[in-house]
Amino acid sequence: MASFSINVSLEDMQTILVAGAGKSSVYLIQYLLSQASRKKWKLIVADGDAKTISDKIKGSPFAEKAVIDITNTKEREALVKRADIVVSLMPAHLHIHLAQDCLKHKKNLITSSYISPEMKAMDAEVKKAGLMFMCEMGLDPGIDHMTASHIIHGIQRVAGIITSFKSYCGGLVAPESDDNPWHYKFSWNPKNIITAGYDGAKYLSQGKEVDVPYEKMFEDNKKIKNEVLGLLAYYPNRDSLRYLGLYDVPEAKTFMRATLRYPGFCKGWDALIKLGLTDDKDTVNTKGLTYASWLKNKTGHKSGTLISHIAKKLDISETDKSISMLKWLGLFDEKPVTEGKSSADILLQVLLDKWQMKPEDKDIVVLQHEVEYFHKDRKTKLTSSMTLTGENSEYSAMAKTVGLPIGILTKLVLDKRINPPTGVLIPNMATVYRPVLTELKHHGISFKDEIE
């Protein structure tokens, strides 16, 4: 009888469709389920893996499991039709399927990924339909946009003129769990690490546009100082120039968004790029292939030891740290390659084995803005920074900072506490970032400001 009453009440509930139950979803799903009874919400969690969903919903009577192929139009559209709002944590290229359904069935949509050209092309139709497609609502992109806009709007309110804006963000392994020479472990989608920087990057430096090709992305990386972790290396993140208008900083002569890593990582990754091991366009026959023979084939090894050949190729000594980092990955070993159609595929399999977080491992998220501005003819530099350490490999800082902003915005929309802005958007408007940032503080996600 109790079960029947729950089922009846569920029919009157607001329904949230969460598409994607991977690494980043644990806090989002937990946040929504923790309020489901009080708010009269029902969650449909859709993913291709039944166990992944079960691990996240933990038998909640307010959650429904939907094991589907998200590219199956009939299965996906049936779920979108039932929803009052749709949240997508799917890989970026799959958001468009949900977006098309949401437009057709008049549903608001929230995603964690960058706005794709396909999504951007829907803007006029989404506005006409009076819908909110809020993209870039996670950490980076997401919390970075919201805190940046909060800072920028505050400076503009007192008639300050911003001349330089730099934003740095990184998901790193916490010092207490840092036990490998790369100083890195996976706390988010591993595939994104392989493809980082593929399209190069653009930013503004002292009034000049700088275009960085992929091959140069990890060369001689500059560093910033972080209060908690000390010196961190950075590389420019995608096309920063497209955010100049969105952030509304027309007087800025320097404008850059960048990704943070421990310094040693960048040198090692630069070696992998130069050796062609991140290439996703080549075709590799893995039959009878070992990691050493893969490396030989990719680098044109003819004679001499493989290590000396690689050192010469990279123009470094055989005792260089990069060589020991490649050794640690097992790239000089005569161990069989088990799978992969391209070099990028093979490398991903190597890293999945070597960079996997142990259950007790912790990650740390760093987000730091550096803003220079003039106010009443006085130059000021503001540094606003946040560091957050995860609890373990499941309840990671990355999952928390990606999932909670999405969960909070979902609640604000369903509770009608905000009037959803319309179009294909990023969260740079005060009506969104103020309440979201306020609640994030209650979850330990807050920023410390220093002024020079």
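Hand me the trypsin sites (Lys or Arg not before Pro) from segment 80-149 located in a DSSP loop with no more than 13 other Cβ atoms within 10 Å, in residue order please. Mind showing how you got there, number by number?
Values: sites: Lys81, Arg82, Lys104, Lys106, Lys107, Lys120, Lys127, Lys128; in loops: Lys106, Lys107.
When the trypsin sites (Lys or Arg not before Pro) of segment 80-149 are filtered for loop state and at most 13 Cβ neighbours within 10 Å, Lys106 remain.
Over every pair of different alpha-carbon atoms in segment 347-444, take the mean of 1/r and invert it; report that Kirkwood radius in Å.
Values: mean 1/r = 0.0601 Å⁻¹.
So the Kirkwood estimate lands at 16.6 Å.
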Original post:
Summing Lys, Arg as +1 and Asp, Glu as -1, what charge do residues with Cβ under 13 Å from the Cβ of Phe374 carry, Phe374 excluded?
Top reply: +2
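Do any trypsin sites (Lys or Arg not before Pro) in segment 331-414 lie in a loop, going by DSSP, with at most 10 other beta-carbon atoms within 10 Å of their beta carbon, and if so which? Let's see the in-between values first.
Values: sites: Lys341, Lys354, Lys362, Lys376, Arg378, Lys379, Lys381, Lys400, Lys411; in loops: Lys341, Lys362, Lys376.
Taking segment 331-414 and a limit of 10 other Cβ atoms within 10 Å, the loop trypsin sites (Lys or Arg not before Pro) found are Lys376.
What net charge is computed for the residues neighbouring Leu103, neighbours being all others with C-beta under 15 Å from the C-beta of Leu103, Lys and Arg scored +1, Asp and Glu -1?
Values: positive: Arg76, Lys81, Lys104, Lys106, Lys107, Lys120, Lys127, Lys128; negative: Glu77, Asp101, Glu118, Asp123, Glu125.
With Lys, Arg at +1 and Asp, Glu at -1, the net is +3.
Taking the solvent-accessible surface of protein heavy atoms with a 1.4 Å probe, what is the per residue accessible area of segment 152-196 in Å²?
Values: 1540 Å² over 45 residues.
Per residue, segment 152-196 has an accessible area of 34 Å².
What is the dipole size for the chain, taken about its Cα centre, with +1 at each Lys and Arg Cβ and -1 at each Asp and Glu Cβ, in debye to the nearest 20?
I would put it at about 640 debye.
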Original post:
Expressed as an acute angle from 0 to 90° and rounded to the nearest 10, what is the orientation of the C-alpha long axis of helix 397-414 relative to the principal long axis of the chain?
Top reply: 20
Original post:
Separation of segment 345-408 and segment 306-334 by C-alpha centroid, Å?
Top reply: 30
Original post:
Label-point separation (nm) for Asn72 and Lys191, each offset 7 Å from Cα along Cα-to-Cβ?
Top reply: 1.9
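Over segment 1-146, with the other protein chains present, what is the accessible area per residue in square angstrom, probe 1.4 angstrom?
Numbers: 6370 Å² over 146 residues.
Spelled out: the 1.4 Å probe surface of segment 1-146, per residue, equals 44 Å².
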Subject >> Those residues of segment 150-165 whose amide nitrogen sits under 17 Å from the label point placed on Lys253, 7 Å along Cα→Cβ >> reply: 161-165
Subject >> Helix 73-82 vs. the chain, principal-axis angle (Cα, 0 to 90°, nearest 10) >> reply: 40
Original post:
Per residue, how much accessible area does segment 254-325 show when a 1.4 Å probe rolls over the protein heavy atoms, in square angstrom?
Top reply: 45
Subject >> Relative contact order (%) - the chain, alpha-carbon pairs under 8 angstrom, separation at least six >> reply: 20
Subject >> Whole-percent carbon and sulfur share, accessible surface of the chain, 1.4 Å >> reply: 50
**OP:** Can you grab the distance from the C-alpha centre of segment 44-97 to the C-alpha centre of segment 130-162, Å, no decimals?
**Re:** 29
**OP:** Could you sort out which of Lys223/Lys441; Lys191/Lys448; Lys58/Lys416; Lys104/Lys127; Lys216/Lys381; Lys81/Lys411 sit more than 21 Å apart by Cα distance in this structure?
**Re:** Lys223/Lys441; Lys191/Lys448; Lys58/Lys416; Lys216/Lys381
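Determine the order of Arg38, Arg76 by accessible area, beginning with the largest, at a probe radius of 1.4 Å. Don't skip to the answer; put the middle values down first.
Details: Arg38 165, Arg76 10 Å².
Largest accessible area first, the list is Arg38, Arg76.
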Subject >> segment 348-415, relative contact order [Cα under 8 Å, separation at least 6], % >> reply: 31
Subject >> Rounded to 10°, Cα long-axis angle of helix 143-157 versus longest principal axis of the chain >> reply: 70
Original post:
How about Lys185: which lysines have a C-alpha closer than 19 Å to its C-alpha, ignoring those fewer than 8 places off in the same chain?
Top reply: Lys23, Lys267, Lys321, Lys327, Lys354, Lys358, Lys362, Lys400
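If r is the Cβ-Cβ distance from Tyr114 to Ser34 and R0 is 35 Å, what FRET efficiency results, to the nearest 0.05?
Working: r = 29 Å, r/R0 = 0.82.
The computed FRET efficiency comes out at 0.75.
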Original post:
Label point 7 Å out from Leu231 along Cα-to-Cβ: which residues of segment 257-281 have amide N under 11 Å?
Top reply: 263-264
Original post:
Of all DSSP beta bridges located in the chain, what percent are antiparallel, nearest 5?
Top reply: 60
Subject >> Label-point separation in nm, Gln349 to Ala124, each point 7 Å along Cα→Cβ >> reply: 4.7
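The values are calculated or read from the model by the stated rules, or taken from the named source; none is laboratory data. Treat the numbers as computed from the prediction; the structure is a model and nothing was measured. Backbone-built Cβ (ideal geometry, glycine too); neighbour counts: all protein chains shown. When the accessible area is computed, the model is the full protein with side chains, heavy atoms only, and any ligands, DNA or RNA have been set aside. Shrake-Rupley method; radii C 1.70, N 1.55, O 1.52, S 1.80 Å.
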